[in-house]
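A.B. asks: Handing you this structure, nothing more for now.
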Amino acid sequence: MKNYLIIILIALGLNGLANDGSFYASGNNLIPLQETEISLKKELLCFYVRDFEWMGVDVNFEFYNPGAEKKLIVGFVTPPADGDVTDAQMNHPSITDFIVIVNGVELEYKIQKMKETSFSSKTKIDGNDFVYYFDVVFKPGLNTIKHTYSYKAGSSVELQRTFDYQITTGKRWANKQIDDFELQVHLDPGIFYVPSTFWKDKRAIEWKIIGKGTIKKTSESLFTPGFELSNKIRMVHLNSGYLSFKAKKFAPDYDISIGEHGWHSWASKWCKNEKTCMNAEELSAIAKYCSLQPNSPDSTTAEELNLTQLGILRNYAYALHGVVFKNKTYSNFYSQFFWYTPDAAIKAEEVKLTYEENKLIAQIKYLEKKKANE
């Protein structure tokens, strides 16, 4: 293989989750592991949160080759699952729907553990990591690569789900930047955190919502192990559309982390103003059941909640979708929070609830009926 230039797409693990959560996989850009004249001219990176715990990744790259045609081995590396996972999950990469299309042609690929290949590089890649690899012919001039796949979220005691992606590796091409970069983040109805900055000089990311939703004005501090991550985040909720960021000559210092907290301890961050928000303990008593996570703790265990609190919780899904409440108790409760964006055009009966949202409502109705009969 000495006649090939080797390029690897590395998805590094969040080892810090191993003791109190689960890690499955993460995403990354294509990177060269040897000197190359090829530049990364343009990238459209789209994230799609699906079925709560899966992230769909759709990337469109444009590379420029100033020289003669080159044949390269290109790869995608992802570590094995770690933490609270099964042996079966550790022995197979948690990547699905992996497709690579180069200049309009879909390529075949192979999967092996790194220690089973003859690849070597200065980049430290664990021998137990999985590598997807394939041959790419870069013609002179512009070349397009479309790469799609999905990977499973990690989780921990404090985080219901976390999705991480290494974008800093885009600087490893000949131009040391991504000349024209666009990021689209398509979220489900949850309340997410996103990075506040990509740079060590702490410049704020100019996020834009294409659709309807809101971003909390203030940033919060979050420590997330793994990658080169800023601990500054902003919270966002979308009613429709997606979150957008665009940049020219993009050279980030920090990678991307997107996720959702466990609201048993972070619900106070919902508040527009924590000083005037309701008592944190009372808020947490309700918010800890505000989860649309598959296999989350059964809300029928919320025996300590009174009928008023149960009514508030039953309407959580409708609040996420922006329904206007005629009931003042519900309206006053949810109006405290940055993410509640009431829209008179949205009718409760027209909201398309997910399976998990319907499940939560059914569980609360069961409890309400039980308490009413006591």
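The values are calculated or read from the model by the stated rules, or taken from the named source; none is laboratory data. This is a predicted model, so every value here is computed, not measured. Every residue, glycine among them, receives a Cβ derived from its backbone with ideal geometry; neighbour counts consider all protein chains shown. The area values use the complete protein model at the heavy-atom level, side chains included, leaving out ligands, DNA and RNA. Shrake-Rupley method; radii C 1.70, N 1.55, O 1.52, S 1.80 Å.
A.B. asks: For a quick protection proxy, order the peptides 207-219, 346-358, 328-340 by their average other-Cβ count within 10 Å, most packed first.
C.D. replies: For the peptides 207-219, 346-358, 328-340, the packing ranking is 328-340, 207-219, 346-358.
A.B. asks: Evaluate the Debye formula for segment 92-231 with equal point scatterers sitting on the alpha carbons, no solvent, and hand back log10 of I(q)/I(0) at q = 0.11 Å⁻¹, in q order, two decimals.
C.D. replies: The Cα Debye sum returns log10 ratios of -0.61.
A.B. asks: Based only on Cα atoms, what Rg/Rh ratio does segment 252-363 have, Rh being taken as Kirkwood's radius?
C.D. replies: My calculation puts Rg/Rh at 0.98.
A.B. asks: Pop a pseudo-label 7 angstrom from the Cα along the beta-carbon direction at both residue 246 and residue 308 and give the gap in nm to one decimal.
C.D. replies: 4.9 nm
A.B. asks: Suppose a student asked you for the relative contact order of the chain, using Cα pairs under 8 Å spaced at least 6 residues apart; what percent would you report?
C.D. replies: 17 percent
A.B. asks: Next question. With r as the distance between the Cβ atoms of residue 202 and residue 284 and R0 = 25 Å, compute the FRET efficiency 1/(1 + (r/R0)^6) and round to 0.05.
C.D. replies: That pair, residue 284 with residue 202, gives E of 0.25.
A.B. asks: While we're on this one: Tell me whether segment 143-298 comes out rounded, prolate or oblate; compute the Cα gyration tensor, take square roots of the eigenvalues as a ≥ b ≥ c, and use a/c under 1.5 as the rounded threshold.
C.D. replies: Prolate.
A.B. asks: Something else now. What full-extension length gain, to one decimal in nm, is calculated for residue 265 and residue 134 as 0.36 nm per residue of separation minus the Cα-Cα distance?
C.D. replies: 42.7 nm
A.B. asks: Show that you can apply the helix-only estimate: for the chain, add -39,500 (n - 2.57) for every DSSP H stretch of four or more residues, divide by all residues, and state [θ] at 222 nm to the nearest 500.
C.D. replies: Helix contribution divided over all residues of the chain: -4000 deg cm²/dmol.
A.B. asks: Okay, next question. Which order do the peptides 198-206, 46-54, 246-254 come out in when sorted by mean C-beta neighbours inside 10 angstrom, highest first?
C.D. replies: 46-54, 246-254, 198-206
A.B. asks: What shape does segment 94-161 have by the C-alpha gyration tensor, where a ≥ b ≥ c are the square roots of the eigenvalues, rounded means a/c under 1.5, and otherwise prolate means a/b greater than b/c and oblate the rest?
C.D. replies: Oblate shape, in that a/c is at least 1.5 and b/c is the bigger or equal ratio.
A.B. asks: Of all accessible surface on the chain at a 1.4 Å probe, what whole percent is carbon and sulfur?
C.D. replies: 48 percent
A.B. asks: Sort 61-68, 108-115 by packing, meaning the average of other beta carbons within 10 Å per residue, with the highest value first.
C.D. replies: 61-68, 108-115
A.B. asks: While we're looking at this one, here's another question. Suppose every Lys and Arg Cβ carries +1 and every Asp and Glu Cβ carries -1, with no other charges. What dipole size does the chain come out with about its Cα centre, to the nearest 20 debye?
C.D. replies: Taking the Cα centre of the chain as origin, the dipole is about 1040 debye.
A.B. asks: Where both partners of a DSSP beta bridge lie in the chain, what percent of those bridges are antiparallel, to the nearest 5?
C.D. replies: The answer is about 85 percent antiparallel.
A.B. asks: Rounded to the nearest angstrom and ordered from largest down, what semi-axes does the equivalent ellipsoid of the chain get from its C-alpha gyration tensor (root of 5λ)?
C.D. replies: 42, 22, 18
A.B. asks: Now, a different point. Checking the a/c ratio against 1.5 first, then a/b against b/c, what shape does the Cα gyration tensor give for segment 44-151?
C.D. replies: oblate
A.B. asks: If you plug each phi of segment 192-199 into the Karplus form 6.51 cos²θ - 1.76 cosθ + 1.60 with θ = phi - 60°, what whole-Hz ³J(HN,Hα) values come out, in order, with x for Gly and Pro?
C.D. replies: Karplus values, whole Hz, x for Gly and Pro: 9, 10, 9, x, 8, 8, 10, 10.
A.B. asks: Search the structure for amide H atoms under 5 Å from the amide H of residue 27, placed 1.01 Å from N in the peptide plane, and list their residues when 5 or more places away or on another chain.
C.D. replies: 164, 165, 166
A.B. asks: In Å², what does the accessible area per residue of segment 68-119 work out to with a 1.4 Å probe?
C.D. replies: 57 Å²
A.B. asks: So what is the relative contact order for segment 98-256, in percent, with contacts set as C-alpha pairs under 8 Å and at least six apart?
C.D. replies: In percent, rounded to a whole number, it is 24.
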